[in-house]
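The values are calculated or read from the model by the stated rules, or taken from the named source; none is laboratory data. The shown structure was predicted, so the numbers you read here are calculated from the model rather than taken from an experiment. Here the Cβ positions follow ideal geometry from the backbone for every residue, glycine too, while neighbour counts run over all protein chains shown. The area values use the complete protein model at the heavy-atom level, side chains included, leaving out ligands, DNA and RNA. Shrake-Rupley method; radii C 1.70, N 1.55, O 1.52, S 1.80 Å.
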Amino acid sequence: MDVIIADDYACMSRTAADIFAAHIADKPTCVLGLATGSTPVGLYGELVCDCSEGKISFKNVSTFNLDEYRGLSPSHEQSYRYFMQKNLFDLVDIDPANTHVPDGLCTDAQAACNNYEKLIAQAGGIDIQLLGLGNNGHIGFNEPADSFEKHTHRVQLTDSTIQANSRLFRSADEVPREAFTMGVGTIMSARKIVLVANGEGKADIVARTILGPVTPQTPASILQFHPNTTVILDKEAAAKL
Ligand code: GLP
């Protein structure tokens, strides 16, 4: 696991964007695994700039997002599909048909999850996966549990995640109780992983992720076993390393 400590959020975002831009430049047909949350907003902004300046093109890039709330439509302002449209897809030259986010409204959850895994495999697997870090150590929506879930699945959100994410909804009552997420196995199959985290609120969980025991109670700790993971932090998030 490589750890890069950037001076600040802007620098963390640019450092991560450089890794993604280099992948896209090297392999214009690459398959990106993407994440939502506040943390990657700056990184997406950098990639949008790179694209508008002609340094990279998403024309032949495919994307698979980590997760989606169950029950939210793509047009719901808090859905992850909506987030991706506003922060990246609508702002670059990507083919909409090549963008994938789990369907929050699917009726047959098991079939939809199996199909998501199949689509990733058909695309050749994920070349580079972006991750944020939940306050409780979740990656995607893989919550602390007694075991690691391997494949894309439906998940119950924990109270701590509902509370943490309620800041984006009018109230905690409006936060969906369930979601669809790539499994830990899906994530670990990516050829490269980039995890970004910023702010003092993430310092404890960053330390547990990088230095603590590998345990499903801290899902992100599994990344210690991934052969090609880069963690990019600002100084505040790195304070307890
Ligand atoms: C959500 C997402 C995660 C994300 C996490 C952290 O719960 N499912 O993929 O990493 O929040 O979000 P933030 O970057 O806003 O701290």
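If you check Glu143 against the conditions, is it open to solvent by 40 Å² or more (accessible area, probe 1.4 Å) and within 15 Å of the ligand (Cβ to nearest atom)?
Against the criterion (open to solvent by 40 Å² or more (accessible area, probe 1.4 Å) and within 15 Å of the ligand (Cβ to nearest atom)), Glu143 does not qualify.
Could you count how many residues in the stretch 196-217 are buried (at least 18 other Cβ atoms within 10 Å of the Cβ) and of a type in the set (Ser, Thr, Tyr)?
Summing the residues that are buried (at least 18 other Cβ atoms within 10 Å of the Cβ) and of a type in the set (Ser, Thr, Tyr) in the stretch 196-217 gives 1.
Please identify the pairs in which a residue from the stretch 191-208 that is closer than 11 Å to Thr229 by Cβ and among the hydroxyl-bearing types (Ser, Thr, Tyr) has its Cβ atom under 6 Å from the Cβ atom of a residue that is open to solvent by 30 Å² or more (accessible area, probe 1.4 Å) and outside any strand (DSSP E or B), counting only partners at least 6 apart or on another chain.
Close Cβ pairs (under 6 Å, with a partner that is open to solvent by 30 Å² or more (accessible area, probe 1.4 Å) and outside any strand (DSSP E or B)) do not exist here.
Which pairs have Cβ atoms under 8 Å, sit 6 or more apart or on different chains, and link a residue in the stretch 119-131 that is farther than 24 Å from Asp18 by Cβ to one that is in a strand (DSSP E or B) and open to solvent by less than 10 Å² (accessible area, probe 1.4 Å)?
Taking only residues 6 or more apart or on different chains, the pairs are Leu119/Phe64; Ile120/Val31; Ile120/Phe64.
What's the number of the condition Arg154 fails, among (1) in contact (Cβ under 8 Å) with a residue 40 or more places away in the chain; (2) over 24 Å from Thr63 (Cβ atoms); (3) open to solvent by 30 Å² or more (accessible area, probe 1.4 Å); (4) within 15 Å of the ligand (Cβ to nearest atom)?
Only one criterion in (1) in contact (Cβ under 8 Å) with a residue 40 or more places away in the chain; (2) over 24 Å from Thr63 (Cβ atoms); (3) open to solvent by 30 Å² or more (accessible area, probe 1.4 Å); (4) within 15 Å of the ligand (Cβ to nearest atom) is unmet by Arg154, namely (2).
Can you tell me which of (1) buried (at least 17 other Cβ atoms within 10 Å of the Cβ); (2) modelled with pLDDT under 95; (3) of a type in the set (Phe, Trp, Tyr) is the one Phe169 doesn't meet?
Every condition holds for Phe169 apart from (1).
Condition check ((1) away from the ligand (no atom under 15 Å from the Cβ); (2) open to solvent by 20 Å² or more (accessible area, probe 1.4 Å)) across all residues:
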{"residue": "Thr158", "(1), (2)": "no, yes"}
{"residue": "Ile187", "(1), (2)": "no, no"}
{"residue": "Arg191", "(1), (2)": "yes, yes"}
{"residue": "Val194", "(1), (2)": "no, no"}
{"residue": "His226", "(1), (2)": "yes, no"}
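What are the residues in the stretch 17-69 that are more than 14 Å from Ile193 (Cα to Cα), assigned to a helix (DSSP H, G or I), within 16 Å of the ligand (Cβ to nearest atom) and open to solvent by less than 10 Å² (accessible area, probe 1.4 Å), if any?
Leu43, Tyr44
Could you list, in sequence order, the residues of the stretch 1-13 that are open to solvent by 50 Å² or more (accessible area, probe 1.4 Å) and in contact with a Leu (Cβ under 8 Å, 6 or more places away or on another chain)?
Correct list: Met1, Val3, Ile4, Ile5.
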